[in-house]
Amino acid sequence: MARMLIATLALVSLIFSGCASNPASSPDKIQQALSKQTQEADEYILGPTDVVQVSVWRNPDLSVAVPIRPDGRISVPLVGDVQASGRTPEDLSSSIESRLAEFIREPQVSIVVTGMNSHEFTDRVRITGAVQAPMSVPFRAGMTVMDVVLSAGGATPFASMEDAMLYRPMGDEVVAIPVNLEDILKRGDIKTNYRLQPGDIMTVPERNF
């Protein structure tokens, strides 16, 4: 999670410093990036600043609502500090149950995420450059290049729509994927109308006059 956030912030910085003119990545890297799968909703990974409700069945005194601290831990009565960041809610509940078993018989713990704050920046897509309203919007499953461009009010009259680029964080690098908005919006050719991923950034450069 932290690595993805750092990559996203670094990517935003590079684009705003004029890096949008960088060439496209290699065909192999582009294919890998386009094949990247979005994490399923039932595999939510907890992170710092998320808020969780820890409920212990028949033990209301042990039930708490706590934020995940910057160190990735939460504090639970009897148990003390427990690593939460980087785990699914199911993993966290199992960990707390195993530690509570030292104090109570057959504990049953449920975890409900009441605040998904850690994904506020990483689960967004952004569009910059020669569009009517550059913006950052929450990622939604099924979003495409066309969706985010239309959300931004479309391209300006000065846009070089054949030279748009989709930047996708992948591990420790960022892959630059060419997008032809001219084909998508004016010719109905949706070959480069790619599905978006959390953290994607679209850039639309201006024409050189």
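The values are calculated or read from the model by the stated rules, or taken from the named source; none is laboratory data. Note that the structure is a prediction, hence the values are computed from the model and not measured. Cβ coordinates were reconstructed from backbone atoms using ideal geometry, including for glycine residues, and neighbour counts include every protein chain displayed. With ligands, DNA and RNA removed, areas are computed over all heavy atoms of the protein, side chains included. Shrake-Rupley method; radii C 1.70, N 1.55, O 1.52, S 1.80 Å.
Hey, can you tell me all the residues within region 159-172 that are more than 14 Å from ILE201 (Cβ to Cβ) and modelled with pLDDT under 95? Spell out the reasoning first.
Quick first cut of region 159-172, residues more than 14 Å from ILE201 (Cβ to Cβ) only: 159-163, 171-172.
Selection gives GLY171, ASP172.
In region 174-202, which residues are out of contact with any Lys or Arg (no Cβ under 8 Å at 6 or more places or on another chain) and closer than 18 Å to ASP123 by Cα?
If the condition is that a residue be out of contact with any Lys or Arg (no Cβ under 8 Å at 6 or more places or on another chain) and closer than 18 Å to ASP123 by Cα, then TYR194, ARG195, LEU196 are the ones that fit.
Quick one: GLU40 ticks every box in (1) modelled with pLDDT under 95; (2) more than 22 Å from the chain's Cα centre (by Cα) except a single one, so which number is it?
Unmet for GLU40, out of (1) modelled with pLDDT under 95; (2) more than 22 Å from the chain's Cα centre (by Cα): (2).
Among the residues of region 137-144, are any under 23 Å from SER26 (Cα atoms), surrounded by fewer than 21 Cβ atoms within 10 Å (Cβ to Cβ) and in contact with a Leu (Cβ under 9 Å, 6 or more places away or on another chain)?
yes
Write out, first by first residue and then by second, each pair whose Cβ atoms fall under 6 Å of each other, whose residues are 6+ apart or on separate chains, and whose first residue, in region 78-90, is on the phi > 0 side of the Ramachandran plot while the second is open to solvent by 30 Å² or more (accessible area, probe 1.4 Å).
Final answer for the pair search is LEU78/PHE103.
Can you name the residue in region 74-90 that is under 21 Å from the mean Cα position of the chain (by Cα) and open to solvent by 60 Å² or more (accessible area, probe 1.4 Å) and is also nearest to VAL112 (Cα to Cα) among such residues?
Here is the first cut: in region 74-90, the residues under 21 Å from the mean Cα position of the chain (by Cα) are 84-90.
Cutting the leftovers down to open to solvent by 60 Å² or more (accessible area, probe 1.4 Å) gives us 87, 90.
Values: ARG87: 13, GLU90: 10 Å.
So the residue we want is GLU90.
Only one of these conditions is not met by THR128: (1) open to solvent by less than 40 Å² (accessible area, probe 1.4 Å); (2) assigned to a loop (DSSP other than H, G, I, E, B); (3) not charged (D, E, K, R). Which number is it?
(2)
Tell me which strands (runs of 3 or more DSSP E) are completely within region 146-209 and hold 1 or more residues being open to solvent by 40 Å² or more (accessible area, probe 1.4 Å), or say none if there are none. It would help to see each step written out before you state the result.
Working: elements: 164-170, 173-179, 201-204.
In region 146-209, 173-179 are the strands (runs of 3 or more DSSP E) which contain 1 or more residues that are open to solvent by 40 Å² or more (accessible area, probe 1.4 Å).
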